[in-house]
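Q: Starting off with a structure, shown below.
Each value in this text was obtained by applying a stated rule to the coordinates, not by laboratory testing. Because the structure is predicted, anything quoted here is derived from the model rather than measured. So basically every Cβ, Gly included, is an ideal-geometry build from the backbone, and we count neighbours across all protein chains shown.
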Amino acid sequence: MEPELEKLVKESGHNLHLDVYEILKNGKWKADLAAYYVDDISDKPREVDIQAVRPFLGSRAPSESIETLFSTFLFVECKWFKKPIAIHSLENSDVANTAIVTANIDRKGLTDYPYGPANYHHYVKAGHVGKLYVSEEHNEIFNALTGAVKSLCFHLGTRQEKGFYYPIVVFDGINGLYDIFNRKDNGIVERAIIAFNYSYRDVASHKPITRLFYVDFVHRKKLDELLKDIQAEEMRAYKFVTGAPPFP
């Protein structure tokens, strides 16, 4: 391979895309590379790096047949960064459970105290969440965050499939993120949650909607850890959906 092309391939981030794709496939996710959605602002097709789904199969009672009880959907942007990133974070909000994105799920039961599964979601358990970010690659960060959320919103607006929805940014190229909590440098972290309100036009009704989103911003080395958290949330959701005895 010519040196110029080899350099482009190395810096394109496509190796990261393929690594993440393989991790998801090995985890029994049905993953699609370069899935398309329609941008609600420009009305033009855009690309999300990876869209993945995993149906949760089970039965509501021993005598009933196996069915898809719900599905878990991931909308993943993969970014290879070259410049340091600092995240300004604050105490997590008491409305963090509203950032859990669902379709056709009993929201009230989801948040019931003390055993509603939302109370054990990693969004809710996070001690603090990122609100601002500083980097020479600010635009790339913004595009990654909004790209994951936009593709989720498009899917949700066109296909109301029962389940749980996660926007995720997986990064590499840098060791991690500088975490600045309450204006104090807490060093480098490899996993964070970025919280922001996002306004968009609903695909079906064309009405404007504003809602809170939490986006997992995770180094490739920590992706397995995040997927384990999501798997635990799937198990709690199974107990919730089938009416089995709750557990924390």
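Q: Tell me what the chain gives for mean residue ellipticity at 222 nm when only DSSP H runs of n ≥ 4 count, each as -39,500 (n - 2.57), the sum divided by the residue total, rounded to 500 deg cm²/dmol. Provide the component values of the computation, followed by the final result.
A: Values: 6 runs with 72 residues, N = 248.
Result for the chain: -9000 deg cm²/dmol, rounded to the nearest 500.
Q: Please compute the net charge surrounding Phe73, taking Lys and Arg as +1 and Asp and Glu as -1 over other residues with Cβ under 12 Å from its Cβ.
A: Numbers: positive: Lys30, Arg54, Arg159, Lys162; negative: Asp32, Glu161, Glu234.
Result for the local shell: +1.
Q: To continue, here is another question. Using the structure shown, select from Lys82/Lys207; Lys108/Lys184; Lys82/Lys125; Lys83/Lys239; Lys28/Lys184; Lys184/Lys228 the pairs with a Cα to Cα distance greater than 32 angstrom. Before the final figure, lay out the partial values.
A: Details: Lys82/Lys207 38 Å; Lys108/Lys184 37 Å; Lys82/Lys125 30 Å; Lys83/Lys239 43 Å; Lys28/Lys184 40 Å; Lys184/Lys228 30 Å.
Result: Lys82/Lys207; Lys108/Lys184; Lys83/Lys239; Lys28/Lys184 exceed 32 Å.
Q: Which net charge results for the neighbourhood of Leu57, defined as the other residues with beta-carbon distances under 14 angstrom from its beta-carbon, given Lys and Arg at +1 and Asp and Glu at -1?
A: Working: positive: Lys28, Lys30, Arg54, Arg60, Lys162; negative: Glu64, Glu67, Glu234.
Value of the local net charge: +2.
Q: First measure r as the distance between the Cβ atoms of Thr158 and Asn182, then evaluate 1/(1 + (r/R0)^6) with R0 = 45 Å and state the FRET efficiency to the nearest 0.05. Before the final figure, lay out the partial values.
A: Numbers: r = 41 Å, r/R0 = 0.91.
E between Thr158 and Asn182, to the nearest 0.05, is 0.65.
Q: Give me the one-decimal nm value for the distance between modelled label points at Lys125 and His138, 7 Å along each residue's Cα-to-Cβ direction.
A: Those two pseudo-labels are separated by 3.5 nm.
Q: When the chain is fully extended, how far beyond the present Cα-Cα distance does Leu18 get from Arg60, taking 0.36 nm per residue of separation? Write out the running numbers ahead of the final one.
A: On the way: separation 42, 0.36 × 42 = 15.12 nm, distance 3.66 nm.
Separation in residues times 0.36 nm, less the Cα-Cα distance, equals 11.5 nm.
Q: Another one. Counting Lys and Arg as +1 and Asp and Glu as -1, each charge on the Cβ, what is the dipole of the range 50-130 about the Cα centre in debye, to the nearest 20? Walk me through the intermediate numbers first.
A: On the way: 8 positive and 7 negative charges, 83 e Å.
Computed charge dipole of the range 50-130: roughly 400 debye.
Q: Let me ask something else. Tell me which of Val53, Gly116, Leu18 sits at the most positive position along the dipole axis of the range 3-242, charges placed on C-beta atoms (Lys, Arg +1; Asp, Glu -1).
A: Toward the positive end, the furthest listed residue is Gly116.
Q: Now for a different question. Starting from the 7 Å offset along Cα-to-Cβ, what nm value, one decimal, do you get for the label separation of Lys30 and Asn104?
A: So the label points at Lys30 and Asn104 sit 1.4 nm apart.
Q: Something else about it: If a/c stays under 1.5 just call it rounded; otherwise compare a/b with b/c (prolate if a/b is bigger, oblate if not). Do that for the chain, with a ≥ b ≥ c from the square roots of the Cα gyration tensor eigenvalues.
A: On the way: a/c = 1.58, a/b = 1.37, b/c = 1.15.
Prolate shape, in that a/c is at least 1.5 and a/b is the bigger ratio.
Q: A follow-up question, please. Top mean-square fluctuation among Gly147, Gly163, Gly127, Gaussian network model of the chain, C-alpha springs under 10 Å?
A: Gly127
Q: Can you give the charge dipole size of the range 3-242 about its Cα centre, rounded to the nearest 20 debye, using +1 on the beta carbon of Lys and Arg and -1 on the beta carbon of Asp and Glu? Before the final figure, lay out the partial values.
A: Numbers: 31 positive and 33 negative charges, 90 e Å.
Using only the charged Cβ atoms, the result is roughly 440 debye.
Q: If we sort 148-155, 86-93, 63-70 on the protection proxy, mean other Cβ atoms within 10 Å, highest first, what's the order? Walk me through the numbers on the way to the answer.
A: Numbers: 148-155: 23.9, 86-93: 17.2, 63-70: 11.8.
Listed from highest to lowest mean packing, they are 148-155, 86-93, 63-70.
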